[in-house]
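The values are calculated or read from the model by the stated rules, or taken from the named source; none is laboratory data. Since this is a predicted model, take the numbers as computed values, not measurements. Here the Cβ positions follow ideal geometry from the backbone for every residue, glycine too, while neighbour counts run over all protein chains shown. These accessible areas exclude ligands, DNA and RNA; they are computed on the full protein's heavy atoms, side chains included. Shrake-Rupley method; radii C 1.70, N 1.55, O 1.52, S 1.80 Å.
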Amino acid sequence: MALPAQCALSAAAGILSHIGVFIRGEHHLRAPFLFRLYVFLAIALLLYQSVALSYNMKVAAYTSTLLISSYAAALFSSITIYRVFFHQLRAFPGPPLAKVSKFWHMSKVLDAKQYLFLDGLRTEYGDYVRTGPNELTIFDPKAVMPIHGPNSTCKKAEWYDNLKPLTAINTTRSRAVHDRRRKIWDMGFSQKALDAYEPRVLYYAEQLATAFKASESKPVNASAWFAYLTFDIMSDLLFGKPFHMVRDGKSHHVRDLLTKGIMVLGPLTPVPWLFHLAGSLPRMTKDWLAYRAWVLEQLKERMQMETEKSNVMSWLIQASQEGDKWDMSWLEGDAVSMIVAGGEPGASTLVFLFYYLAKFPEKQTKLRLELEAASFPTNARALQSLPFLNGCIYEALRLHPPLPSGYLRVTPSEGLNVDGKWIPGGSTVLTPAYSLGRLESCFEDAQQYVPERWNERPEMLKDKDAWIPFNIGRYGCVGRSLGLIELRIVTAILVANFDVGFAPGDDGTELLENTRDAFASVPGKLELIFRKR
Ligand code: HEM
């Protein structure tokens, strides 16, 4: 067959691959397979031409390149034409290249500042922005209930497959499986269980205060120390022993592995299939696999310990036990992701909360007066009823939600009605907590840190539905109460014992500029001085 005819056939195969295969369904998990398949076919084509057709290598390479290019050009042209002119989301505004490929989005967030990038799109395109061929980013608080609320029929998007082959409560995409699993998790966060965790939170908070006293008013890296604290708590509640980061005043190598591992999530979040492709390359997953191996080791040790009910893991271990065997598939996934889910958000919130307390000493004084009037309580129940303390925490969570740009969902096949706006079925939708928390329509002086809006100035809180740092509904944070207990106890102890201020040369700029969005927020460095009172 003549070469032009062969090229036409290849092009037809390209169009058929799109219309017959890629246009529907999900393919991200098959990315490593498809990559290998295409490489195999390209080599096979080259060998066929040089061996079976006896072309010399140069001609075989030239012909193969032409055929492969014809296939790829037709495939990508077909995809582009469909996405731009025929896709069900074509009526929604958005950057032109975002309609064509998520690679465009990825190219814009290589600096791991996805939350700022999305917020910029809101200013340019409005409340409903097409941020990908099949993705809508929604900056409308009215969308929160239909997408995330208890009656929502939206499912988790393909991004949540990122832990595969492991499965965890926060990554399973089956609603039925999630609901079963959530019942077990809920037992680990009952009031009785929380009461049992509280003394341990207090223990680590006091250990942190002791370390800050020992710093003798010298600058401390608050971003590092708050992470030491929350990861110690999490390790204790999971494995029955802390990382000892607060005690030793230094990071544990596993926490460093984890940070390196999750940093890949930032830039790759927009393109889940590339994440899976990268995940099939040993070099890319070295740190992640080392982290997993460590978790598994701890888990096995934990399973040998005497069962004590006051440990989150106790419930999960018990539920996984059949006779003297354990179903490790869930246990490993849950443990691997819970260290991140339970450790990063608390640390990030404390960093920003103390940034604001250092920036606004008058808020610090006001908070201390409130604590003093209540005789400096350190128990969770008493702290829960202190309005200004809660306001300080909620406000830090509003301005810097620890998961600033996430919560990706897929609309049900029949579509979704959001306040009279119809969103087609099967669309990926997200409601970035960072942007919603800064909507002027919902929060007066939205860019300002005003803890009073949560208590004495309710008129400044116009629409609380836009406050979703823990998200809501069936997939909302199961550790919310524990997280708030941690934040209240640590804040109360530190504010009661120290005057907090910026270290010389630090005014929080580095924190704000270097905070990265790896799905969970990883704060930049903040140096503070904790001066003993
Ligand atoms: C300031 C503290 C915290 C914040 C702001 C926070 C935020 C969140 C958010 C936004 C989600 C939903 C994520 C999504 O939809 O993709 C979530 C889920 C989750 N969080 Fe938290 N979290 C905090 C503390 C904790 C703690 C202390 C734990 C554990 C001990 C924890 C465990 C979890 C788990 C297991 C899920 C998955 C729940 C499910 O899918 O049913 N979180 N968290």
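Of note:
- The amide H of S427, built 1.01 Å from its N in the peptide plane, has T411 as neighbours under 5 Å, considering only residues 5 or more places off or on other chains.
- Projecting the Cα atoms of Q88, L316, F388 onto the dipole axis of the chain, where Lys and Arg carry +1 and Asp and Glu carry -1 at the beta carbon, places Q88 farthest toward the positive end.
- For F502, nonlocal amide neighbours, meaning residues 5 or more places apart or on other chains whose placed amide H falls under 5 Å from its own, are I529.
- Ligands, DNA and RNA excluded, the heavy atoms of R200 present near 50 Å² of accessible surface to a 1.4 Å solvent probe.
- Among P469, L163, S413 - extreme Cα towards positive end, dipole of the chain, charges at beta-carbon: S413
- As a length-normalised measure over Cα pairs under 8 Å and 6 or more apart, the relative contact order of the stretch 301-421 settles at 21 percent.
- Measuring nothing but how far apart in sequence close Cα pairs (under 8 Å, 6+ apart) lie, relative to its length, the chain scores a relative contact order of 21 percent.
- Percent of alpha-carbon pairs separated by more than 20 Å within the stretch 3-86: 40
- Reachable aspartates and glutamates from K213, criterion Cα separation under 13 angstrom, eight or more residues apart if same chain: D499
- Rounded to whole numbers, the Karplus 3J(HN,Hα) couplings from phi for the stretch 138-146 are 10, 10, 10, x, 5, 7, 4, 5, x Hz, using 6.51 cos²θ - 1.76 cosθ + 1.60 with θ = phi - 60°, and x at Gly and Pro.
- Contour excess over end-to-end distance, with Cα ends at R90 and E372 and 0.36 nm allotted per residue: 95.7 nm
- Each residue, T153 and M460, gets one label point 7 Å from its Cα in the Cβ direction; the gap between the two is 4.2 nm.
- Rg/Rg_ref, the stretch 387-533, where Rg_ref = 2.2 N^0.38 Å and atoms are Cα: 1.22
- 3J(HN,Hα) from dihedral phi, the stretch 459-464, Karplus parametrisation 6.51/-1.76/1.60, rounded to Hz, x for glycine, proline: 5, 7, 10, 7, 8, 5
- As a length-normalised measure over Cα pairs under 8 Å and 6 or more apart, the relative contact order of the stretch 249-354 settles at 20 percent.
- Solvent-accessible surface of protein heavy atoms, probed at 1.4 angstrom with all chains present, puts S385, S17 in the order S385, S17, largest first.
- Placing +1 on the Cβ of every Lys and Arg and -1 on the Cβ of every Asp and Glu, with nothing else charged, gives the chain a dipole about its Cα centre of roughly 1140 debye.
- Per residue, the accessible area of the chain comes to 44 Å² when a 1.4 Å probe rolls over the protein heavy atoms.
- Separation between Cα centres of the stretch 73-116 and the stretch 368-409, rounded to whole Å: 39
- Area of K213 that stays accessible when all protein chains are in place (1.4 Å probe, Å², to 10): 80
- When Y394, Y197, Y203 are compared by accessible area at a 1.4 angstrom probe, the order from most to least is Y203, Y394, Y197.
- With all protein chains in place and ligands, DNA and RNA left out, the 1.4 Å accessible area ranks W467, W288 as W288, W467, largest first.
- In this structure L257 has an accessible area near 30 Å², from a 1.4 Å probe over the protein heavy atoms.
- Distance in nm between pseudo-label sites at L110 and R381 (7 Å out along the Cβ direction from Cα): 5.6
- Diffusion coefficient of the chain by Stokes-Einstein, Kirkwood radius over Cα pairs, 10 °C, 1.306 mPa s: 63 µm²/s.
- Multiplying the residue separation of Q191 and L53 by 0.36 nm and subtracting their alpha-carbon distance yields 42.2 nm.
- Each residue of the stretch 289-297 was assigned a 3J(HN,Hα) from its phi angle through the Karplus curve 6.51 cos²θ - 1.76 cosθ + 1.60 (θ = phi - 60°); the sequence is 5, 5, 4, 4, 5, 5, 4, 4, 4 Hz, with glycine and proline shown as x.
- Spin-label pair R247/N514, simplified geometry with 7 Å Cα→Cβ offset, distance in nm: 2.9
- Surface share of carbon and sulfur [accessible, 1.4 angstrom probe, percent] for the chain: 59
- Per residue convex hull volume, Cα atoms of the stretch 468-522, in Å³: 105
- If you wrap the tightest convex hull around every Cα atom of the stretch 344-408 and split its volume per residue, you get 95 Å³.
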